[in-house]
Amino acid sequence: MSGGTANEQALLEAALRELTRELGVPLAKILELDATGEVLRVRASLGWPDGIVDGEPIAIHETTQAGMTLAAGDTVIFDHVGVTRRLNDALLQRCGVVSSVCTPIVAGDWQYGVLSVHTTDPRRFTWAEAGVVKRVASLLAWTLAARRSQRGDSTL
């Protein structure tokens with residue numbers, strides 16, 4: 001489903017900067033579904049150690065945070081990643097992620113991927129904060145869908 005441009009990249013990075021500033025979180029990322037719909041790839045990230053998330057494929061599996069979020073089809077709050085029994089996400093464990101909010105990036109029937117914000121300290125995200133993440137994801141989805149439609153991108 002990749003079809004990004006430099007303008008899209010700038011949009012994704014700006015969204016992450018504003019979101020991390022607004023919520024006061026150190027880490028955020030945007031994952032895009034690949035053409036098969038079975039793997040996610042990091043399209044934009046903020047705050048992660050160099051080389052940790054760049055280009056690393058993330059399988060859509062029920063034990064990964066992104067997989068659980070896509071399966072839920074809605075925003076998911078993880079108060080403590082380490083004690084969420086079904087969650088076994090190696091990337092988050094390597095980076096010391098403790099709390100997260102994740103939401104699908106969707107516009108109608110078109111699914112782009114997942115937007116997530118993370119902390120390395122315990123935090124109980126409120127549903128109002130999760131709503132901010134969801135609204136940003138929705139705005140991104142509809143903007144990306146409109147831009148790709150204007151370009152005649154067949155991945156919509």
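The values are calculated or read from the model by the stated rules, or taken from the named source; none is laboratory data. Keep in mind it's a predicted model, so treat the numbers as computed, not measured. A quick note on method: Cβ atoms are made from the backbone with ideal geometry, for glycine too, and the neighbour counts reach across all protein chains shown.
When you scan the stretch 102-140, how many residues do you find that are in a strand (DSSP E or B), over 18 Å from Pro26 (Cα atoms) and of a type outside the set (Gly, Ala, Ser)?
Residues in the stretch 102-140 being in a strand (DSSP E or B), over 18 Å from Pro26 (Cα atoms) and of a type outside the set (Gly, Ala, Ser): 6 in total.
Go through the stretch 88-107 and give me each residue that's at pLDDT below 70 and either surrounded by fewer than 17 Cβ atoms within 10 Å (Cβ to Cβ) or over 16 Å from the mean Cα position of the chain (by Cα) (or both).
Of everything in the stretch 88-107, those that are at pLDDT below 70 and either surrounded by fewer than 17 Cβ atoms within 10 Å (Cβ to Cβ) or over 16 Å from the mean Cα position of the chain (by Cα) (or both) turn out to be Asn88, Ala90.
As an exercise: evaluate Pro49 against (1) surrounded by 16 or more Cβ atoms within 10 Å (Cβ to Cβ); (2) modelled with pLDDT of 75 or more and give the number of the one condition it does not meet.
All conditions are met except number (1).
Return the pair list, or none, for Cβ contacts closer than 8 Å from residues in the stretch 34-49 that are over 23 Å from Asp109 (Cα atoms) and part of a loop (DSSP other than H, G, I, E, B) to residues that are at pLDDT 90 or above and not hydrophobic (A, V, I, L, M, F, W, C), at least 6 apart or on different chains.
Once the first residue is over 23 Å from Asp109 (Cα atoms) and part of a loop (DSSP other than H, G, I, E, B) and sits in the stretch 34-49, its partners that are at pLDDT 90 or above and not hydrophobic (A, V, I, L, M, F, W, C) give Gly47/Thr20; Gly47/Pro26; Trp48/Lys29.
Does any residue of the stretch 13-34 turn out to be at pLDDT below 85, surrounded by fewer than 16 Cβ atoms within 10 Å (Cβ to Cβ) and farther than 16 Å from Ser138 by Cα?
Restricting attention to the stretch 13-34, the residues satisfying the condition of being at pLDDT below 85 are none.
The answer is no; no qualifying residue exists.
Answer yes if at least one residue in the stretch 108-131 is farther than 18 Å from Phe78 by Cβ, under 15 Å from the mean Cα position of the chain (by Cα) and surrounded by 15 or more Cβ atoms within 10 Å (Cβ to Cβ), and no otherwise.
Within the stretch 108-131, one or more residues are farther than 18 Å from Phe78 by Cβ, under 15 Å from the mean Cα position of the chain (by Cα) and surrounded by 15 or more Cβ atoms within 10 Å (Cβ to Cβ).
With in contact with an Asp or Glu (Cβ under 9 Å, 6 or more places away or on another chain) and hydrophobic (A, V, I, L, M, F, W, C) as the only criterion, which of Leu16, Leu46, Leu27 stands out?
Leu46
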